[in-house]
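K.L.:
The structure follows.
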Amino acid sequence: MVTLSSDSRNIIGRGPPLGAGLFFLGLVSIGTMMLDHRSNYLETVRLWMGAAATPIYAVVQTPGQAWDWLTGSFADRSHLRVENAQLSEDLRVARVKLLQFDSLREENVRLRAVREASAGVGGRTMIAEIMRVDVDPFRHRVRINKGAEDGVFKNQPVLDAFGIVGQVVQVDKYTATLILISDAEHAIPVQVNRNGIRSIAVGAGDLGKLSLPYMTVESDVKSGDLLVSSGLDGIFPAGYPVAKVSKVERNPADTFALVEAKPLAQLDRDREVLLLWADAPQVEAPAKDAKPKPAAAEAKPAAAAETPAATTNPATRPPTATAPAPAPTQTTPPPAQPQPQSPQQ
């Protein structure tokens with residue numbers, strides 16, 4: 001049998017007293033801190049202890065990091081989805097703006113070309129924008145944003161940066177309708193710039209083709225010749241480019257040759273056109289204003305002619321003795337004038 005000791009003292013009271021141990025450990029700690037503060041003796045020990053505790057830190061932090069990664073991955077995925085949708089929308093808006101910038105750049109290039117072309121045009125010009133195109137494939141007509149309020153008139157010539165576009169056929173207060181030179185109902189007198197042969201270019205109902213049906217077989221015209229306006233119709237000024245001959249076919253049995261030309265104006269791509277005021281109307285206006293001036297000028301010489309006559313008569317009379325006689329004769333006509341007027345009344 002096992003017998004237990006009969007020591008009945010408390011466990012806390014066994015061994016050295018606790019106060020002495022605490023005092024001893026306090027002295028050791030204070031001494032160690034003083035030595036470490038003055039001489040850094042424990043720096044190496046601290047480094048080794050930190051290296052030994054690193055795995056413990058990793059093991060302790062692993063569950064928390066795993067939980068953060070697990071919850072953050074789902075949160076980041078939803079956040080990335082929302083961010084991706086927002087970026088896609090921003091990219092779409094940016095592309096639309098980029099397309100607008102390209103359109104504005106092309107419009108700027110066209111306006112520069114029209115402005116440079118208008119520098120060599122005689123007379124006053126104005127840039128107009130095409131608002132609407134006729135949807136009828138057999139009617140090549142467009143509407144512009146300038147009208148009678150801007151001085152547009154019927155049969156006014158219209159150009160672009162490359163050649164003649166057409167003319168105005170209808171004028172409203174703020175808009176106007178143009179007929180293109182390619183319309184089947186339009187014709188323009190032209191001449192070959194190389195030799196001056198005159199003819200008429202008729203619209204063929206095709207934006208890229210004009211017909212010259214009145215060119216005879218003997219006419220000196222060939223492919224590549226430049227056709228310019230002759231100015232004989234009184235609408236289009238002379239010397240403006242119209243088209244370039246693209247096809248010439250001659251049959252000796254026929255009277256007229258088959259001649260086709262391609263318009264130089266960009267009829268299917270123009271967004272801005274150039275309204276032209278020729279020099280002729282500007283010359284006529286001052287002529288009308290000048291009419292009353294000669295009348296006044298003629299009146300002045302007439303009055304001047306009368307005054308010297310009146311002055312010369314008294315100048316000739318003084319040498320004679322009858323010098324005072326002209327004075328009463330000049331006073332008598334005024335009373336004589338009212339006498340015939342009174343019976344007429």
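K.L.:
Order 246-258, 77-89 from most to least packed using the mean count of other Cβ atoms within 10 Å.
P.N.:
On the way: 246-258: 12.3, 77-89: 10.1.
Packing order, densest peptide first, comes out as 246-258, 77-89.
K.L.:
While we're looking at this one, here's another question. For the stretch 124-283, with only Lys/Arg (+1) and Asp/Glu (-1) charged at the beta-carbon, what is the dipole magnitude about the Cα centre, in debye rounded to 20?
P.N.:
Details: 18 positive and 21 negative charges, 31 e Å.
In total the dipole reaches around 140 debye.
K.L.:
Something else about it: Putting +1 on Lys and Arg Cβ atoms and -1 on Asp and Glu Cβ atoms, find which of Val168, Thr125, Ile197 reaches farthest to the positive end of the dipole of the stretch 124-283.
P.N.:
Result: Thr125, furthest along the dipole toward the positive end.
K.L.:
What is the mean projected area of the alpha carbon convex hull for the stretch 124-283, to one decimal in square nanometres? Walk me through the intermediate numbers first.
P.N.:
Details: hull surface 37.1 nm².
Mean projected area of the Cα convex hull: 9.3 nm².
K.L.:
Going toward the positive end of the dipole of the stretch 124-283, with +1 on Lys and Arg Cβ and -1 on Asp and Glu Cβ, which of Gly239, Ser211, Ile181 do you reach last?
P.N.:
Selected residue: Gly239.
K.L.:
Could you sort 155-161, 136-142 so that the peptide with the highest average Cβ count within 10 Å comes first and the rest follow in order?
P.N.:
Working: 155-161: 21.1, 136-142: 14.6.
Put in order of decreasing packing, that is 155-161, 136-142.
K.L.:
Related question: Calculate the all-directions average of the projected area of the stretch 160-211's alpha-carbon convex hull, and give it in nm². All intermediate terms of the calculation are to be shown ahead of the outcome.
P.N.:
Values: hull surface 18.0 nm².
With every direction weighted equally, the projected area is 4.5 nm².
Each reported figure results from applying straightforward, stated rules to the coordinates on display, with no laboratory input. Everything quoted here is computed from the prediction, not taken from an experiment. Note that we place each Cβ from the backbone using ideal geometry, even for glycine, and neighbour counts take in every protein chain shown.
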